[in-house]
Amino acid sequence: MADQGRIDGRTQLIGLIATPIGHSLSPAMHNMSFRKLGLNYVYLAFEVGNQQLEDVLTGFRALNIRGCNVSMPNKTKILPYLDEISPAARFAGAVNTVVNENGKLVGHITDGIGYVLGLKESGVDIKGKKLTLMGAGGAATAVAIQCAIDGAAEISIFNRDDEYYDRAVKNVDIINNEIEGINCKANVFRLEDLDQLKAEIATSDILTNGTGVGMKPLEDQCLIPDASYLRPDLIVSDVVYIPRKTKLLELAESVGCKAINGLGMMLWQGAAAFEKFTGHEMPVEYVKEQMF
Ligand code: NAD
């Protein structure tokens with residue numbers, strides 16, 4: 001193994017804590033970037049659930065590890081064990097990146113940054129845009145908060161009548177009343193109100209699926225009933241990246257919309273975390289060549 005050859009007495013450790021973890025692309029993405037840039041880090045995945053979180057962070061402090069990524073089910077539960085939390089992570093109520101700053105564990109969320117950078121890579125600037133966003137779970141919340149911070153003019157959030165609807169209401173309240181220095185208006189609606197959905201999409205620049213609909217086991221489903229909800233100059237994006245083309249993106253392409261899948265979000269959230277860990281830019285083009 002190439003990595004074993006380069007590990008020495010100065011190698012710094014970065015971890016990923018989640019369960020299940022075996023499918024994660026993060027170790028490959030970060031380790032190939034360290035190798036490419038000649039950086040003396042190694043990235044390992046640790047199967048960790050909520051029960052072990054406190055002990056794990058105590059261990060990380062004791063070992064002075066450089067940091068970790070955090071995935072399900074730990075993203076919201078880790079907050080009480082950290083010393084400091086970035087504003088975006090505090091508003092989202094979730095952390096996906098922890099950086100050890102001289103013994104102080106600082107929590108960040110880079111999922112929303114990844115979404116905005118993924119749009120940018122596809123030639124779309126969120127600044128001044130109106131976004132219709134379906135969902136209010138972990139991914140959608142990070143998207144909503146970051147888009148508001150990065151200058152979206154308006155965000156209309158739709159969620160079905162389930163346990164996430166209250167979070168949709170909360171996200172709208174945070175954007176309208178808590179985040180200082182932004183100029184974004186947020187609205188909340190029930191996804192069951194299809195007339196309202198059509199009306200909001202009609203005045204939006206971007207439509208985004210922030211739910212798991214389109215991904216297994218819901219890969220045959222799409223939250224937009226038919227093509228009459230879309231128009232060619234609408235940008236349609238999806239946080240789902242397996243499959244690369246969800247039913248929503250297929251429908252969008254059939255209408256002539258620019259269709260953007262969740263791969264960019266995944267890649268750029270990793271790139272943003274990489275920069276926080278190492279101070280270096282991830283070699284994104286190289287990672288794309290190697291992985292996708
Ligand atoms: P979550 O469980 O936190 O949230 C689920 C959301 O989906 C809620 O808003 C819920 O109301 C909605 N939902 C679920 N089933 C629905 C249905 N049948 N109809 C309408 N709405 C429904 O999940 P999450 O962690 O936010 O993940 C959502 C998706 O985002 C997953 O597919 C995940 O793979 C993807 N994701 C992608 C990235 C990326 O980097 N591209 C990052 C995180 C998550």
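Distance from the alpha carbon centroid of the range 1-53 to that of the range 202-223 works out to 32 angstrom. The listed peptides 227-240, 48-61, 257-270, ordered by packing as a protection proxy, come out as 257-270, 227-240, 48-61 (highest mean of other Cβ atoms within 10 Å first). Database remark: amide H of LEU105 closer than 5 angstrom to the amide H of ASP83, GLU84 (H placed geometrically; neighbours at sequence offset of 5 or more, or on other chains; Pro and chain starts carry no H). Rg and Dmax, both from the Cα atoms of the range 70-113 and both in Å, are 9.3, 27. Of all the options ALA252, ALA62, ALA168, the one that moves most in a Gaussian network model of the chain with Cα springs shorter than 10 angstrom is ALA62. Given a cut-off of under 8 Å on Cα pairs at least six residues apart, what relative contact order in percent is computed for the range 112-261? Reported relative contact order: 21 percent. Take the convex hull of the alpha carbons in the range 112-261; its mean projected area over all directions comes to 7.8 nm². For the range 3-155, the convex hull spanned by the alpha carbon atoms encloses 129 Å³ per residue.
Phi angles across the range 112-128 convert, under the Karplus curve 6.51 cos²θ - 1.76 cosθ + 1.60 with θ = phi - 60°, into 3J(HN,Hα) values of x, 4, x, 4, 5, 5, x, 4, 4, 4, 8, x, 10, 9, 5, 4, x Hz, Gly and Pro given as x. Checking the cross-link pairs LYS170/LYS276; LYS185/LYS258; LYS104/LYS129; LYS129/LYS247; LYS36/LYS127 against a 26 Å limit on the alpha carbon distance flags LYS170/LYS276; LYS104/LYS129; LYS36/LYS127 as lying beyond it. In the chain, Cα pairs under 8 Å separated by at least six residues give a relative contact order of 15 percent.
Name the most mobile residue of HIS108, HIS23, HIS280, meaning the one with the largest mean-square fluctuation, in a Gaussian network model of the chain with Cα contacts below 10 Å. Among HIS108, HIS23, HIS280, the largest GNM mean-square fluctuation belongs to HIS23.
Residues considered: ALA199, ALA272, ALA140. Largest GNM mean-square fluctuation over the chain, using C-alpha springs under 10 Å, is found at ALA199. In the chain, helical runs assigned H by DSSP with n ≥ 4 each contribute -39500 (n - 2.57); averaged across all residues and rounded to the nearest 500, the mean residue ellipticity at 222 nm is -11000 deg cm²/dmol.
Here the Debye sum runs over all C-alpha atoms of the range 90-201 as equal scatterers in vacuum, and log10 of I(q)/I(0) at q = 0.09 Å⁻¹ comes out as -0.24. For the chain, the convex hull drawn through the C-alpha positions has a volume of 132 cubic angstrom per residue. Were the residues from LEU218 through ALA28 laid out at 0.36 nm apart, the gain over their Cα-Cα distance would be 65.7 nm. What the phi angles of the range 162-177 give under the Karplus curve with 6.51, -1.76 and 1.60, with θ = phi - 60°, is a coupling list of 10, 5, 8, 4, 4, 5, 4, 4, 5, 4, 5, 5, 4, 5, 6, 10 Hz, glycine and proline written as x.
Here the chain exposes an accessible surface that is 50 percent carbon and sulfur, computed with a 1.4 Å probe and the other protein chains kept in place.
A 1.4 Å probe run over the range 227-291, with the rest of the protein chains in place, finds 43 Å² accessible per residue.
The modelled label-to-label distance between LYS170 and GLU121, using points 7 Å beyond Cα along the C-beta direction, is 3.0 nm.
The values are calculated or read from the model by the stated rules, or taken from the named source; none is laboratory data. Predicted model only: the values in this text are computed from it and were never measured. Note that we place each Cβ from the backbone using ideal geometry, even for glycine, and neighbour counts take in every protein chain shown. Side chains are part of the model used for accessible areas, which takes the heavy atoms of the whole protein and leaves out ligands, DNA and RNA. Shrake-Rupley method; radii C 1.70, N 1.55, O 1.52, S 1.80 Å.
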